Amino acid sequence: MYILFKNCRIFTPVDRGVPCGGNSQGELASFPDGALLVAGDGRIVAIGEEHEVTKEASTLSKVKTMDMQGKCLIPGFVDPHTHMCFATRREAEFELRLAGTPYLEILKKGGGILSSVRAVAEATESELYEVTRKHALSALKSGTTTLEIKSGYGLNTESELKQLRAIGKLAREGVQDVVATFLGAHAIPLEFKHNPDEFITLVIDEMLPAVVEQGIAAQCDIFCEVGVFTIEQGRRLLKAAQAQGMKVKIHADEVHDLGGAGLAAELMACSADHLLAASDENIRTMAAHGVVANLLPATAYSLRKPYARARFMIDNNLPVALATDCNPGSSYTESMPFVIGLAVLNMNMTPAEALVAATLNAAYSIGMADKVGSLDVGKQADFLTLDGDSPAILAYHAGVSPVQEVYKKGVRVV
Ligand code: NIG
Ligand code: FE
């Protein structure tokens, strides 16, 4: 059984086996009279000009044809950085921030991430699952077919594993592809306030082995920031994670230039994320070591900080990906179209660069590029139709999602 999606305007990144940096960041293949042929297992069998794909389909039996009515078709979004597994929102904290209290000041006083930690400690696994599922479904409606979800509101073995199990349940349902990340070092628990090194030792000696043994997270992350963890603590933890076979990434240089971007390069991490304050030198070093820059413009927007320097990064051949950072504190959104709009209008990325960032480069940054991120033969037929003529509509139709239909492995899910 095959499905032939005919009569579509296709735009897709070109996967050359590495993340797209420099000029290739803005390269899209386009087929104005395009078609897509999908096999029964949800994989792409052919893509390109309609007459050629139709010819290929004619050699097969059992082909169902779908007329896409000339719609614009792009790959499903890959959101490579979210914290959507939490128990409660933090609206009161948002008001505090609006009134001028800095984000890190709230954390220092035991609020922020630490208030989410208290809420997760009290929540059951099924409550966490329900909240996570609600956010993942909202993301799906705006076109996210693959996403990463972090733990990090546990900060002890029991709670971190509870979060990762809730994320794992969602992953097994298979509505979206979900990559789980262990973020046990997201904040210093109050009990370790005067001894963060001891907390890192606990993460390495107790939490990490439990996570590895249960095989419930593919990646390990840490928040390196003033008042949170140092670069040296990041190095200790992430080297231990790599030694146990995990991929690593870093919340790097979000507020202060501590050098997280440099550490990501040193460890050849799959990504360094945030980078609002990253130095020129470390940006260049990241590019030389094949690290993807995961930029989170909705966080800069919500924290009212200067945006990450996407243009400088692209001009220095550093592949840029985009993510929502969906979390109850610094960025409460599941919408990749919103993030793309911010990237285009506030970070001067072209719509094509932003689309590559939100699909193929994002897939590379979470180790999923062999399956998703571009419409290529052999990859999953995860795609969207847009109410517009080109990917520019994602930024142009401001505040409104132009995503009309969402397909996962060739099946319409929205
Ligand atoms: O990526 N910066 C650290 N972690 C998240 C925010 C988490 C929270 O505030 O709950 C971020 O911005
Ligand atoms: Fe984050």
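The values are calculated or read from the model by the stated rules, or taken from the named source; none is laboratory data. Everything numeric here is computed off the predicted structure, so don't read it as measured data. Backbone-built Cβ (ideal geometry, glycine too); neighbour counts: all protein chains shown. Protein only, heavy atoms only, side chains kept; ligands, DNA and RNA dropped before computing areas. Shrake-Rupley method; radii C 1.70, N 1.55, O 1.52, S 1.80 Å.
Only DSSP H runs of four or more residues enter the estimate; each adds -39500 (n - 2.57), and after division by the residues of the chain the mean residue ellipticity at 222 nm equals -10500 deg cm²/dmol. Of the residues C326, I149, P196, the one whose Cα sits farthest toward the positive end of the charge dipole of the range 77-365, with +1 on the Cβ of Lys and Arg and -1 on the Cβ of Asp and Glu, is C326. Annotation: amide H-H contacts under 5 Å for L155 (H modelled 1.01 Å from N, sequence separation of 5 or more, or interchain): E160. The 1.4 Å probe gives accessible areas that order I283, I47, largest first, as I47, I283.
Lysine pair count for the range 111-214 (Cα-Cα distance under 25 Å; residues 8 or more apart in sequence or on different chains): 9.
Rounded to the nearest 10 degrees, the inclination of helix 125-141 to the longest alpha-carbon principal axis of the chain is 40 degrees. Sequentially through the range 27-32, phi angles give Karplus couplings (6.51, -1.76, 1.60; θ = phi - 60°) of 8, 10, 7, 9, 10, x Hz, Gly and Pro residues having no value and appearing as x. Spin-label model, V411 to N346: label points 7 Å out along the Cα-to-beta-carbon direction sit 3.7 nm apart.
Karplus-derived 3J(HN,Hα) values for the range 145-158, using 6.51 cos²θ - 1.76 cosθ + 1.60 with θ = phi - 60°, are 9, 9, 8, 9, 9, 9, 7, x, 10, x, 6, 9, 4, 4 Hz; glycine and proline are entered as x.
The amide H of V226, built 1.01 Å from its N in the peptide plane, has H256 as neighbours under 5 Å, considering only residues 5 or more places off or on other chains. Placing a label point 7 Å from the Cα of Q404 along the Cα-to-Cβ direction, the residues of the range 364-397 with a backbone N closer than 19 Å are 382-397. FRET efficiency for the K371 to T124 pair, using the beta carbon distance and R₀ = 30 Å, is estimated at 0.40.
Please say if the range 97-220 is rounded, prolate or oblate, where rounded means a/c under 1.5 for a ≥ b ≥ c the square roots of the C-alpha gyration tensor eigenvalues, and otherwise the choice is prolate for a/b larger than b/c and oblate otherwise? The shape class here is oblate. Of all DSSP-defined beta bridges confined to the chain, some 40% are antiparallel rather than parallel. Dipole size of the chain about its Cα centre, with +1 on Lys/Arg Cβ and -1 on Asp/Glu Cβ: approximately 580 debye, rounded to the nearest 20.
Straight-line reach from K62: taking Cα to Cα under 28 Å and skipping same-chain neighbours fewer than 8 places apart, the lysines in range are K6, K71, K371, K379, K408, K409.
Just the protein heavy atoms count here, and of the accessible area of the range 115-194 at 1.4 Å, carbon and sulfur take up 52 percent. Other residues within the sphere of radius under 9 Å centred on the Cβ of V406, judged by their own Cβ, net out at +1 (K and R +1, D and E -1).
Please report the spacing between the Cα centers of the range 224-301 and the range 136-186 in Å, no decimals. Spelled out, the Cα-based centre of one part sits 21 Å from the other.
Using Cα-only point scatterers and the Debye equation, what is log10 of I(q)/I(0) for the chain at each q in 0.08, 0.09, 0.10, 0.11 Å⁻¹, rounded to two decimals? Cα-only, vacuum Debye calculation for the chain: -0.40, -0.51, -0.63, -0.75. Extension gain, K141 to F192, is 14.3 nm, computed as 0.36 nm per intervening residue step minus the present C-alpha separation.
Length available on full extension from M1 to E95: 0.36 nm per residue minus the Cα-Cα distance, which gives 28.4 nm.
Summary of packing: across the peptides 382-389, 290-297, 50-57, the per-residue average of other C-beta atoms within 10 Å ranks them, highest first, as 290-297, 382-389, 50-57.
Between H256 and T88, the C-beta separation translates, for a Förster distance of 41 Å, into a calculated FRET efficiency of about 0.90. The 3J(HN,Hα) values that the Karplus relation (6.51, -1.76, 1.60; θ = phi - 60°) gives for the range 284-298 are, in residue order, 5, 5, 4, 4, 6, 10, x, 8, 8, 8, 8, 9, 10, x, 5 Hz. Gly and Pro appear as x. Put simply, the amide H of E148, placed in the peptide plane, has neighbours under 5 Å in D79, H81, T82, V179, leaving out anything fewer than 5 places away on its chain. The trypsin sites (Lys or Arg not before Pro) of the range 279-348 that meet both conditions, a loop assignment by DSSP and at most 10 other Cβ atoms within 10 Å of the site Cβ, are R304. Shown is the FRET efficiency for S61 and E173, computed with R0 = 45 Å from the Cβ-Cβ distance and rounded to the nearest 0.05: 0.90.
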